[in-house]
Structure formats: structure tokens, C-alpha cells
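Structure record follows, encoded as C-alpha cells.
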Amino acid sequence: MKNHLFLLSLLLLSSCSRKVLVQEAYLIETDRKSANSDIDIRTHYVGDAFQYITFQIDIENNSQDTLFVSERDVELRTRHERSRRGNIAPIRKEQLIQDLVAEQEQLQYEKQANTATSVVFSGLNVVTRIIAGGTPTDAVIQGTVRAADIMEERRQYNAAQGSIEDQIIYLEDYTLGEDFISPGESGSYDVHFERLLIEGRCELVIYSTENPHATQYEFEVQKVRMRD
């Protein structure tokens, strides 16, 4: 299974020393596969990233035909009373990327606005201290301290933007949108669903083959203590 480092990072960094609810899912049935034995499909539950939950789909095409796979051919079936729908489609890949791009642009705007404001006020503070009777040396020291604060703010913004960029790259490279699997080839994809926080059985169904492939999971909600 691929190493989903950004999911783990989100899990560890999203909260400080408190208990949070996490959606878990355990595989309970794997033999309800397509009648077409030339197509081997296996699924795994990756985890809860707080924005969504993720399943991995591995497909091996041993047939003589090219297989078309799409996010539109995947659904999560649940009958829990808290779910709004019985059959839940994945969150669209393009929508997830668009949301992150918008978040990235907002961070860039805030970084520029905050930096500009901080620089202006930093300069005013230096002048004010001199007018108020402070020495130029004291004013320069205070200005240097404020400049360090501005650099730290920029560093934090850059770190947040870098994290978003990593997530965008992950979604582009690994999340299922549309793909073709040639004869004798295989593919591995992630699909993301809304975070329901429910308990009970569900089915992950893939319709890419002539007969649907269904895998059953048991959903559980767990409390996890986050690290500082």
C-alpha cells in the first residue's frame, strides 16, 4: 500500500492534546469480486484525514482488453440513519484540487497583506520611538525584533502553503479521476468520501467491470488523543 504521509501529517498536526473522533473501517469480506476473473480488484481503507476518509483501490488487468476506470464508477453503500444518502459518490478529484488551490490563493493574499501592514507599522514604530525621546539605537533594536517577527510570520505562511502544495501533488498523482489500464498492466488509486462518523457495515462498490465488485467493511468511530 502506498505511504500516505500527508494523511498522517494532517492527523498529527490538526489538534493539540485533546481527544478527537476518528472514522475507522475494517475489512470483513473480500470474496465478492467480479465474475470476470481476468480483472483482479482489491481495496483497502487508508484512513481518516478529517476533511474526508480515503480508500485505496488496486486493479490488475489480466484481460485482453483495455479497462477504463473512473471515479464515477465507485460508490460507498451505507444504510446508517446518520448518512444523508444510501449510496455515496466519492468527492470529485477536481473539486478537491480546486478547494486547495483556493485555500492556497487565500493564504498568499493574507501573507502579502499582513507583511505589508507589518512593515508599515514597524517603520512607524521606529519613528514614533525617536520622536518620543528614545535613542536611535533603541529604535533600531526594536525594529530588528519586529523584522524578525515578520520573517517568522512569512515562514509560517510558507510552511502552510507548502503543505497545501504537497496535498495538491498527492491528489493529482494518486486520486482516481479517469484512467485506462492496458492489458497486463495494473493501477492503484485513492478515492475520498465525505466523513460520516458512523458505525455499522458498508460496501465499497466498483462498477468498472461487467459485474460490480463489492467489498464489505465495518465502520467504527474511535476517540484518539492527539499529541501536543
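The values are calculated or read from the model by the stated rules, or taken from the named source; none is laboratory data. As the structure is a prediction and not an experimental result, all values here were calculated from the model. Because the Cβ atoms are built from the backbone with ideal geometry, glycine has one as well, and the counts that use them run over all protein chains shown. Remember, those area values only see protein heavy atoms, side chains included, never the ligands or the DNA or RNA. Shrake-Rupley method; radii C 1.70, N 1.55, O 1.52, S 1.80 Å.
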### Query
If you check Ile198, Ile206, which single one turns out to be of a type in the set (Val, Ile, Thr), touching a residue at least 60 places away in the same chain (Cβ under 8 Å) and under 18 Å from Asp65 (Cα atoms)?
Ile206
### Task
Output the strands (runs of 3 or more DSSP E) that fall wholly within the range 173-215 and possess 3 or more residues being within 18 Å of Ile91 (Cβ to Cβ) and open to solvent by less than 60 Å² (accessible area, probe 1.4 Å), or say none.
186-193, 200-206
